[in-house]
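Asks: Structure provided below as structure tokens; questions to follow.
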Amino acid sequence: MTKTMRAVVIREAGAPEVLRIEHRPLPVPNAEQVLIRVEAFGLNRSEMFTRQGHSPDVVFPRILGIEAAGVVAAAPGGQFDAGEKVATVMGGMGRDFDGGYAEYVCVPVGQVRSFRSPLTWHMLGALPEMLQTAWGALFRGLRLQRGERLLIRGGTTSIGLAAAAIAKAHGALIAATSRNPLSEAVVRGAGADHFLVDTGAVATAIRGLWDGGADKVLELIGTGTLVDSLAAVREPGIVCMAGMVGDRWSFADFAPMDVIPTGVSLTTYSGGVDDFMAMPFQSLIDQVESGTLPVRIGKVFKFDDIVEAHRLMESNQAGGKIVVLTQEPGSDL
């Protein structure tokens, strides 16, 4: 095994160009850690926000990346076998310690899931954080029940598409939105029963579609549409904010008594290691493999093209999950 690795390092906040590929010493795991040879990782907007300087608790230099998929390179404690396929998310990756934007990542053993799948790495790299967020938001945040009416705000995001497929399999009735009228086929293909063009105000249309409104709303756009999403729910519904495609972190003027309807609950979902470890990861991967859980890949980049990958994420034009492959074909441990 080589003693060094290539990693994407950020030394100061800024535009995508602040991401630089450097050679770093290979991490050495202890008995409570796993060294993973990263095959692929998905991009997440939280990494973009950190790169832009919106994560004051993150100390630079840092290797970003809150998720990774690959194979076990070393597990001194014997919890995993070398070569075993694994995935990891969150737990401080890319924030408190170096994350998945590298050829190798060293993480605590308690945040690693093994799996079996013949899927390609570009597909497997898209799954860990996306499935964790979609599953957790639906079943922990929204407590979604069979037969309920679910509105997905931000239906063409990678999480929105995954959530539609998971919720459909669970027996929910789904409406999903997009700002682009041409996205209807994509949204319906993921499992949505209804499609709405999102003008920023869809509550009236939802209440007309479903008497009284939706039972649950998965809000993936952010504060810009959250008030309208609250107006789209009937009592005793729930709105769960689990993403932010827009650029507004907070309300300029928030009056809870005015915007939260009586009997309607507002919650959030950010997910974490416990959620990742609790979700049915292998079952979801099997559904992706069988085609019953469609996953939309926006674009796959090579490791050297990380700057271009971040530019695409910032543009909101990916049309699905952005994945980066770290290993050159034929490379070995």
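The values are calculated or read from the model by the stated rules, or taken from the named source; none is laboratory data. Since the structure is predicted, the reported quantities are computational estimates derived from the model, not experimental observations. Glycine also receives a Cβ, built like all others from the backbone with ideal geometry; neighbour counts cover every protein chain displayed. Calculation scope for accessible area: heavy atoms of the full protein, side chains included, ligands and nucleic acids excluded. Shrake-Rupley method; radii C 1.70, N 1.55, O 1.52, S 1.80 Å.
Asks: Taking only the stretch 199-215 into account, find how many residues are closer than 24 Å to ILE166 by Cβ, open to solvent by 10 Å² or more (accessible area, probe 1.4 Å) and touching a Gly at 6+ places or on another chain (Cβ under 8 Å).
Replies: Qualifying residue count, the stretch 199-215: 1.
Asks: Check the stretch 145-168 and report whether any residue there is polar (S, T, N, Q) and modelled with pLDDT of 95 or more.
Replies: Checked against the condition, which is being polar (S, T, N, Q) and modelled with pLDDT of 95 or more, the stretch 145-168 yields at least one hit.
Asks: Go through (1) part of a loop (DSSP other than H, G, I, E, B); (2) open to solvent by 30 Å² or more (accessible area, probe 1.4 Å); (3) out of contact with any Ser or Thr (no Cβ under 6 Å at 6 or more places or on another chain) for MET244 and report which single condition fails.
Replies: Here MET244 meets the rest and fails (2).
Asks: Looking only at the stretch 274-333, how many residues end up being of a type in the set (S, T, N, Q), touching a residue at least 60 places away in the same chain (Cβ under 8 Å) and part of a helix (DSSP H, G or I)?
Replies: Residues flagged as of a type in the set (S, T, N, Q), touching a residue at least 60 places away in the same chain (Cβ under 8 Å) and part of a helix (DSSP H, G or I) within the stretch 274-333 amount to 2.
Asks: May I pose another question? Exactly one condition in (1) crowded, with 24+ Cβ neighbours inside 10 Å; (2) outside any strand (DSSP E or B) is not met by ARG143; state its number.
Replies: Condition (1) is where ARG143 drops out.
Asks: Scan the stretch 272-287 and tell me whether some residue there is surrounded by fewer than 17 Cβ atoms within 10 Å (Cβ to Cβ) and under 29 Å from VAL18 (Cα atoms).
Replies: yes
Asks: Right, here's the next one. In the stretch 146-193, which residue that is assigned to a helix (DSSP H, G or I) and of a type in the set (D, E, K, R) is surrounded by the fewest Cβ atoms within 10 Å (Cβ to Cβ)?
Replies: The extreme case among them is ARG188.
Asks: Same structure, new question: Counting only residues that are crowded, with 20+ Cβ neighbours inside 10 Å, out of contact with any strand residue (DSSP E or B) (no Cβ under 6 Å at 6 or more places or on another chain) and either of a type in the set (A, V, I, L, M) or farther than 18 Å from GLY100 by Cα (or both), how many does the stretch 297-316 have?
Replies: Here the count works out to 0.
Asks: Something else about it: Since LEU196 meets every condition but one in (1) assigned to a loop (DSSP other than H, G, I, E, B); (2) buried (at least 18 other Cβ atoms within 10 Å of the Cβ), which condition does it not meet?
Replies: (1)
Asks: For the stretch 123-132, indicate whether the set of residues that are in contact with an Asp or Glu (Cβ under 8 Å, 6 or more places away or on another chain), in contact (Cβ under 8 Å) with a residue 12 or more places away in the chain, assigned to a strand (DSSP E or B) and surrounded by 20 or more Cβ atoms within 10 Å (Cβ to Cβ) is non-empty.
Replies: no
Asks: Now a separate question. Could you list, in sequence order, the residues of the stretch 250-273 that are outside any loop (DSSP other than H, G, I, E, B) and free of Cβ contacts under 8 Å to residues at least 24 places away in the same chain?
Replies: Passing the criteria: PRO256, MET257, ASP258.
Asks: Does GLU12 satisfy being open to solvent by 50 Å² or more (accessible area, probe 1.4 Å), assigned to a helix (DSSP H, G or I), out of contact with any Leu (no Cβ under 8 Å at 6 or more places or on another chain) and modelled with pLDDT of 95 or more?
Replies: Judged against the criteria, GLU12 is not a match.
Asks: Determine, yes or no, whether PRO29 is open to solvent by less than 50 Å² (accessible area, probe 1.4 Å), at pLDDT 95 or above and touching a strand residue (DSSP E or B) at 6+ places or on another chain (Cβ under 8 Å).
Replies: It is true that PRO29 is open to solvent by less than 50 Å² (accessible area, probe 1.4 Å), at pLDDT 95 or above and touching a strand residue (DSSP E or B) at 6+ places or on another chain (Cβ under 8 Å).
Asks: For the stretch 82-117, how many residues meet the condition of being in a loop (DSSP other than H, G, I, E, B), open to solvent by 10 Å² or more (accessible area, probe 1.4 Å), out of contact with any helix residue (DSSP H, G or I) (no Cβ under 8 Å at 6 or more places or on another chain) and among the small types (Gly, Ala, Ser)?
Replies: 3
Asks: Which of the residues that make up the stretch 39-74 are surrounded by 17 or more Cβ atoms within 10 Å (Cβ to Cβ), in contact with a helix residue (DSSP H, G or I) (Cβ under 7 Å, 6 or more places away or on another chain) and of a type in the set (A, V, I, L, M, F, W, C)?
Replies: Matches in the stretch 39-74: ALA40, LEU43, VAL58, LEU64, ILE66, ALA69.
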